[in-house]
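Questions regarding the structure given below will be posed in turn.
The numbers here are math on the coordinates, done by the rules we state, and not lab data. No experiment lies behind these values; they were computed from the predicted model shown. Note that each Cβ is placed from the backbone with ideal geometry, even for glycine, and that neighbours are counted across all protein chains shown.
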Amino acid sequence: MPHTRDIMIALSPSHPCTTVTFMGSSQTSGKTEIGLNFMFGMIELAPDSMAIGLPNHKLIKRFVKRFDKTAVEMPDMAEKLRPKSRKDADSQEMKDFPGGTYFFGSAESPSDGASISTRYIYCGEVDRYPPDVDGEGRPDELFETRRTMYGNASKAYFESSPGIESLSIIQRRFLDGDQSYRYVPCPHCGEKQRLVWPQVKWPDDKPQQAYYVCIKNGCIIQEYEKPRMLGNDVAEWRATFPERSQRHRSFQLSALYCLPGLGKTWGDLAVEFLEKQKDKNSLKVFINTRLGETFKDDGEKIEWERVKERAQPYRLRTVPKHILVVTGGVDVQKNRFEVVISGFDRRQRETVLDHRVLPANPENPEDWAILEEYLCRPLVSETGTSLRPECVCIDAGYLGHMVVSFCNANRQRRWYATRGSGSSTRPLIGRPQKWKARADGKVDTFGGDFYLLGAKNAKDWLYGHLQRDGKLNELGEYVRKPDERFFTSSTELEDEFYKQLCSAGWDPHQPRYVKLPGQDRNEVLDCVCLCYVAAMHPIVKMDRFTDDDWTKREALHHGLAPVGKTPDLFAIAPANAEAEKQQIADQFAAAFASIEVTHNDKY
Ligand SMILES: [Zn+2]
């Protein structure tokens, strides 16, 4: 692969730069081979210690295997790496040789990142690193601090295929460097150009016959002509900012530069593109892994300011006439409960009715009365009737056993414990499962129920709608009028509500929703999604409502039409309210008491 030569030169001890970044396509760009050459080259030319960081232990294992296999093929190298005594390290985590040690570390454990000082750093597949490890900072930066004391004598190599733009570490590093692109000559007119995807064309329905159209003169370049363009005698890396090259060389390369026989042809890529463009997430994967570019999606990041801008002037805790289902979502945190109450209309569109942060110590069973009181507090409809959330989902991710006990005691009120699952195949809400762990960690066969949620699907639903609500026409006006939007919020809500609502982005590498940089809280997002999940809970199932069901609710909640049947199915009748409340409180106390007892059993 001719393009690797200059990257290797930048990594050699004789080149003045201290940082080399390579953002390239997966498998075909030689990112890892360059890393291995860097490692073996330094043992030969300027031996010193190196920290090698990879996304996780599985990848470290695979990489070390490859390192060992390559070493065996070089007798001199194998000899240097051979353990001289039992004291010498030769393991998964370390390789000793005369002059230094190579340490392998996982980006998932921060202690691997920042312990010992090393002159060299190699961070592989950095866009697959977790964004922040235990609040200690970005793993690639933790690895990089190891070389601080070596200053200009140090050398670091960062490589990855990129992820989405707002999250990409390799992109940020690439932009910091001299931003070199590969320029190759057109075999027909000689014009040097960077190969870009829009210039790949193919006859209708025959993607396999794809060719490249010269950007200067429109010459047709066929796959078999590639070797005449790619060799180092004719092709070159051109830096966008050559003045930075002495400090940081950065390179970008796509799979369009594959030599025949060494990877995908233009035809293969065209076939893959047609297949993947059908779905946005697949298309992202194509752009990231084949084109070696970040995915630019204007709708990707939802701007909280824009969502706030669409807020409507209505009072919180007042239920508009068209809202016919009211539900709640609760997130339990160390020092508070966060609650969102939402309503849904006939078209299952969400309107936020309240957001509240209730300071409390949820570890203290008595503090749960604060949440109970709040959830029981009625909301007032526009027509003067009172409503309570008819179903509430409470996230059991923290203090799960207490959430489950609380919900168990409040089953009649339809308060349910839930746990999020990132799996994209999981339905929004499934069947209840038994909560197995007791407060003391033992299996509790009498434990309450909880529901596993398709958290990804819920976020897809919300963000998909927020994006469509935010669409602008050519005049810069919202395409959807306020009453056509799927998500409605009140002007009474604070900025923090919107910031948290828009705090996540989809990362196709992990693949899951992750917190965007600079966002440390996202309870609102979870609560808003939980409200939707609650409305889809088997006991409500708003998606199955018939016209008749909706009309009945209009009468029930807002007194808008005469009804045959009288009772308010969802509110506790006033006469019994006190008695029932007491009964529930007793049950709840009993549930916690049983935990206490099991604790004491041990002594
Ligand atoms: Zn040409």
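Give the calculated FRET efficiency between GLU44 and ASP204 to the nearest 0.05, with a Förster radius of 45 Å applied to their Cβ-Cβ distance.
The pair GLU44/ASP204 has a calculated efficiency of 0.25.
Please give the charge dipole size of the chain, origin at the Cα centre, charges +1 on K and R Cβ atoms and -1 on D and E Cβ atoms. Round to the nearest 20 debye. List each step's numbers first, then the result.
Values: 84 positive and 86 negative charges, 237 e Å.
About 1140 debye.
Assuming R0 = 25 Å, can you tell me the calculated FRET efficiency for the pair ARG544 and LEU472, based on Cβ-Cβ distance, to the nearest 0.05? Walk me through the numbers on the way to the answer.
Numbers: r = 35 Å, r/R0 = 1.38.
Taking R0 as 25 Å, the efficiency between ARG544 and LEU472 is 0.15.
Here is a further query. Just want the answer: with Cβ charges of +1 for Lys and Arg and -1 for Asp and Glu, which residue in VAL332, SER381, SER405 is farthest toward the dipole's positive end in region 304-549?
The residue sitting most towards the positive pole is SER405.
So which of LYS276/LYS481; LYS284/LYS515; LYS226/LYS276; LYS434/LYS552; LYS278/LYS321 end up more than 29 Å apart, counting from Cα to Cα? Please list the in-between numbers first.
Numbers: LYS276/LYS481 33 Å; LYS284/LYS515 19 Å; LYS226/LYS276 25 Å; LYS434/LYS552 34 Å; LYS278/LYS321 40 Å.
Beyond 29 Å: LYS276/LYS481; LYS434/LYS552; LYS278/LYS321.
Continuing with this model, one more query. Please give the net charge around THR289, taking every other residue with its beta carbon less than 12 angstrom from that of THR289, where Lys and Arg add +1 and Asp and Glu add -1.
With Lys, Arg at +1 and Asp, Glu at -1, the neighbours total +2.
Sort LEU36, LEU81 by Cβ crowding within 10 Å, fewest neighbours at the top. Before the final figure, lay out the partial values.
Working: LEU36 17, LEU81 21.
Going from sparsest to densest Cβ surroundings: LEU36, LEU81.
If you count, for each residue, the other Cβ atoms within 10 Å and average over each peptide, how do 355-365, 476-486 line up from highest to lowest?
Taking the mean over residues of other Cβ atoms within 10 Å, the ranking is 355-365, 476-486.
Can you sort THR28, THR318 by how many other beta carbons sit within 10 Å, fewest first?
Fewest-to-most ranking of THR28, THR318: THR318, THR28.
Taking neighbour Cβ counts within 10 Å as the exposure measure, how do VAL64, VAL339 sort from fewest upward?
Taking fewest neighbouring Cβ atoms as first place, the list is VAL64, VAL339.
For q values of 0.11 Å⁻¹, compute log₁₀ I(q)/I(0) with the Debye formula on a Cα-only model of the chain, without solvent.
-1.08
Let me ask something else about it. Quick check: from the Cα gyration tensor, does region 305-348 come out rounded (a/c under 1.5), prolate or oblate?
oblate
Now for a separate question. Give me D for region 304-549 in µm² s⁻¹, whole number, from Stokes-Einstein with Rh from the Kirkwood sum over alpha-carbon pairs, 25 °C and 0.890 mPa s.
Reported coefficient: 132 µm²/s.
Something else: What order do you get for 191-201, 495-505 when each peptide is scored by the mean count of other beta carbon atoms within 10 Å, highest first?
495-505, 191-201
Expected output is a single nm value to one decimal: the length gained when fully extending between GLU243 and ASP460, i.e. 0.36 nm times separation in residues minus the C-alpha distance. What is it?
The GLU243-ASP460 span can extend by a further 73.8 nm.
Can you compute the charge dipole magnitude of region 304-549 about its Cα centre, using +1 on each Lys and Arg Cβ and -1 on each Asp and Glu Cβ, nothing else charged? Give it in debye, rounded to the nearest 20. Can you show the working numbers first?
Values: 37 positive and 36 negative charges, 132 e Å.
Dipole about the Cα centre, nearest 20: 640 debye.
How do 42-50, 309-317 rank on mean C-beta neighbours within 10 Å, highest first? Each step should come with its number before you reach the end.
Details: 42-50: 18.1, 309-317: 14.2.
The packing order, highest mean first, is 42-50, 309-317.
Would you kindly state how much longer the chain becomes between LEU59 and LYS321 on full extension, computed as 0.36 nm times their sequence separation minus their alpha carbon distance, in nm to one decimal?
Gain on stretching LEU59 to LYS321: 88.7 nm.
Using 0.36 nm per residue, how much length does the chain from ALA235 to ALA78 gain when fully extended, once their Cα-Cα distance is taken away?
53.0 nm is the gain from fully extending ALA235 to ALA78.
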